[in-house]
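The values are calculated or read from the model by the stated rules, or taken from the named source; none is laboratory data. Since this is a predicted model, take the numbers as computed values, not measurements. Using ideal geometry, Cβ is built from the backbone for each residue, glycine included, and neighbour counts are taken over all protein chains shown. We work out accessible area using only protein heavy atoms, side chains counted, and drop any ligands, DNA or RNA first. Shrake-Rupley method; radii C 1.70, N 1.55, O 1.52, S 1.80 Å.
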Amino acid sequence: MELSWTSLLPSLLAIIFAIITRKVLLALIGGIILANVLLFWPAPESIAYGTFDSTWETLVDPGNMLVWFFTLGIGALFGVLEKGGTFKQFVLKLERKQWIESKRRARFMTWVLGVIVFIESNVTIMISGTTSRPIYDRLGISREKLAYIVDSTCAAICILIPLNAWGAFNLTLISKQGVEQPLMVFIQSIAFNFYALFAVLLALFVALFDWNIGPMKTFEKNAVPDQVSKNTWGDGPDETVSFGKGTAVVLTSLISLVVMVPVMLLVTGDGVLVEGDGTLSVFIAIYIALGIASIGTLLTQPVNLKDIVEYLLKGAWNILPLAVILWLSIALGGLTRDLGTGQFLASVLDGSVSLWMLLPLIFVLSAITGFSIGSSWGTFAIMLPLAIPLAMTLGLPPAPFIAAAISGGIFGDHASPISDTTIIASMASGVEHIDHVRTQLPYALLAGVGATLAYSVTGLLM
């Protein structure tokens with residue numbers, strides 16, 4: 001179809017409706033229906049069939065099936081750890097050791113977890129968020145603050161330390177553009193990934209100095225110690241049972257989760273890390289960790305197999321609504337690509353712009369694309385094939401252009417209420433999704449403005 005500004009309408013409808021009504025599911029469904037109206041108007045049967053087909057094909061796509069089972073596996077894993085009692089014992093041990101006796105240390109611990117567990121953004125968010133959440137509840141730190149720190153740290157650090165599925169994906173895109181020594185160029189681009197750098201550093205500043213801006217002030221003011229701790233642990237065993245063994249179960253399962261991702265990347269990539277299958281590797285790692293957690297809980301806690309199955313199902317059930325949101329957001333992202341949203345936004349760039357403006361324009365355009373489609377991966381796939389040839393045609397180094405496209409995708413992903421990482425950060429932290437979007441947005445905008453200025457300066461110096 002002809003590229004037009006109307007291709008923006010489905011995403012804008014979903015975003016605006018979600019923010020105003022706080023009903024994300026209805027917002028996504030409305031966006032999907034509108035996208036099919038734009039694609040198939042004026043044929044009502046085609047609109048109805050397209051709506052059904054786009055959602056069904058997204059659901060049963062083999063690659064997406066791994067994502068759904070990975071998401072439910074995450075819920076099941078933390079259901080076993082929390083309901084089984086081992087997670088409670090782990091957190092109590094941390095507190096008794098007085099490693100995290102203050103709010104500052106709790107926030108800093110979350111930031112450190114996000115930095116050192118850089119294997120995959122969603123896994124990192126789940127580990128950091130779920131590990132920190134009970135500590136934040138007990139100390140009286142808002143869960144919205146937790147969601148901001150895990151989201152802004154984990155997603156950004158995964159692109160700055162690209163020994164993961166993100167790195168493999170982007171390296172493949174770069175290689176397909178005919179770049180000489182793509183790995184070296186990709187590594188060089190990390191130094192120009194200004195939004196990711198600013199987001200990680202800003203999250204560290206907030207963690208250390210508890211800087212609250214915008215709606216975050218209200219949530220922090222209303223957060224009190226133990227406000228939800230009574231609901232954190234469910235009906236698991238008493239904290240005095242198998243105290244040390246429970247802690248060992250948690251550590252073993254989480255360490256296995258982190259270690260198995262690069263191991264499986266090597267296995268699926270025939271010994272080459274960046275050629276591995278990221279989604280499959282994460283899927284296998286999750287279920288190995290789930291097996292360890294289930295067996296460990298069964299052996300160390302006063303529970304039986306029936307209890308373990310119940311905890312598995314409860315954990316998966318609790319995460320199911322967000323898995324549905326994730327499913328619909330991916331379906332909407334596919335439809336926006338069919339409408340040519342990214343290509344239309346890219347057409348905004350024409351040959352009349354000054355050279356120094358190219359980098360900030362690519363960053364902003366990539367950010368708008370990421371915000372509209374709710375997917376950093378989708379944004380990379382759209383923007384890198386546009387940014388790299390532009391640099392090569394002009395005889396300019398491709399690394400800053402690659403960084404601007406990737407950096408803008410991360411910014412748009414952070415700011416978008418239909419982003420998968422934003423949704424999972426809300427889920428891991430136990431907060432209302434729109435509350436997380438509203439509290440994170442001022443910080444994301446601040447880092448985004450800083451990145452825009454940095455790309456302007458870089459453009460002037462090229």
inquiry  = If Phe363 meets every condition in (1) crowded, with 23+ Cβ neighbours inside 10 Å; (2) modelled with pLDDT under 85; (3) aromatic (Phe, Trp, Tyr) apart from one, which number is that one?
reply    = (2)
task = Please find, among Ile373, Ile368, Ile388, the residue that is of a type outside the set (Asp, Glu) and crowded, with 24+ Cβ neighbours inside 10 Å.
result = Ile373
ask   = In segment 247-283, what count of residues is obtained for those that are farther than 23 Å from Lys83 by Cα and among the hydrophobic types (A, V, I, L, M, F, W, C)?
value = 13
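Does Leu339 satisfy the criteria of being touching a Pro at 6+ places or on another chain (Cβ under 8 Å) and either modelled with pLDDT of 85 or more or over 30 Å from Met462 (Cα atoms) (or both)? Show your work before the answer.
Numbers: touching a Pro at 6+ places or on another chain (Cβ under 8 Å): yes; either modelled with pLDDT of 85 or more or over 30 Å from Met462 (Cα atoms) (or both): yes.
Spelling it out, Leu339 is indeed touching a Pro at 6+ places or on another chain (Cβ under 8 Å) and either modelled with pLDDT of 85 or more or over 30 Å from Met462 (Cα atoms) (or both).
Looking at segment 437-455 only, could you name the residues that are within 19 Å of Ser11 (Cβ to Cβ), touching a residue at least 40 places away in the same chain (Cβ under 8 Å) and surrounded by fewer than 24 Cβ atoms within 10 Å (Cβ to Cβ)?
Keep residues of segment 437-455 that are within 19 Å of Ser11 (Cβ to Cβ), which gives 437-438, 440-441, 444-445, 448.
Checking which are touching a residue at least 40 places away in the same chain (Cβ under 8 Å) leaves us with 437-438, 440-441, 444, 448.
Residues satisfying the conditions are Arg438, Leu441.
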query = Just wondering, is there one or more residues in segment 27-34 that are open to solvent by 50 Å² or more (accessible area, probe 1.4 Å) and free of Cβ contacts under 8 Å to residues at least 12 places away in the same chain?
reply = no
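Please work out if Leu94 is over 22 Å from Lys145 (Cβ atoms), surrounded by 17 or more Cβ atoms within 10 Å (Cβ to Cβ) and modelled with pLDDT under 85. Before the answer, list the steps.
Details: over 22 Å from Lys145 (Cβ atoms): no; surrounded by 17 or more Cβ atoms within 10 Å (Cβ to Cβ): yes; modelled with pLDDT under 85: yes.
In short, no.
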Residues located in segment 395-412, provided they are touching a helix residue (DSSP H, G or I) at 6+ places or on another chain (Cβ under 7 Å), farther than 16 Å from Ala191 by Cβ and open to solvent by 10 Å² or more (accessible area, probe 1.4 Å) = Phe411
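For residues that are assigned to a helix (DSSP H, G or I) and open to solvent by 90 Å² or more (accessible area, probe 1.4 Å), tally how many sit in segment 40-59.
Step one: filter segment 40-59 for residues assigned to a helix (DSSP H, G or I), giving 40, 44-59.
Next, from what is left, pick out any that are open to solvent by 90 Å² or more (accessible area, probe 1.4 Å): 44-45, 49, 52, 56-57.
Adding up the residues that qualify gives 6.
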inquiry  = Any residue at all in segment 182-191 that's open to solvent by 30 Å² or more (accessible area, probe 1.4 Å), at pLDDT 90 or above and either in contact with a Phe, Trp or Tyr (Cβ under 7 Å, 6 or more places away or on another chain) or not in a helix (DSSP H, G or I) (or both)?
reply    = yes
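Take the residues in segment 114-124 that are of a type in the set (A, V, I, L, M) and surrounded by 21 or more Cβ atoms within 10 Å (Cβ to Cβ); name whichever of them is modelled with the lowest pLDDT. Please lay out each step first, then the result.
Applying the first criterion (of a type in the set (A, V, I, L, M)) to segment 114-124 yields 115-117, 119, 123.
From what is left, the residues that are surrounded by 21 or more Cβ atoms within 10 Å (Cβ to Cβ) are 117, 119, 123.
Values: Val117: 68, Ile119: 58, Val123: 67.
The extreme case among them is Ile119.
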query = Failed condition for Gln301, given (1) surrounded by 18 or more Cβ atoms within 10 Å (Cβ to Cβ); (2) free of Cβ contacts under 8 Å to residues at least 40 places away in the same chain, with all others met?
reply = (2)
task = Please give the number of the condition Lys221 fails out of (1) at pLDDT 80 or above; (2) surrounded by 13 or more Cβ atoms within 10 Å (Cβ to Cβ).
result = (2)
message = Here are the criteria: (1) modelled with pLDDT under 80; (2) closer than 30 Å to His436 by Cα; (3) open to solvent by 70 Å² or more (accessible area, probe 1.4 Å). Tell me which single one Asp238 does not satisfy.
response = (2)
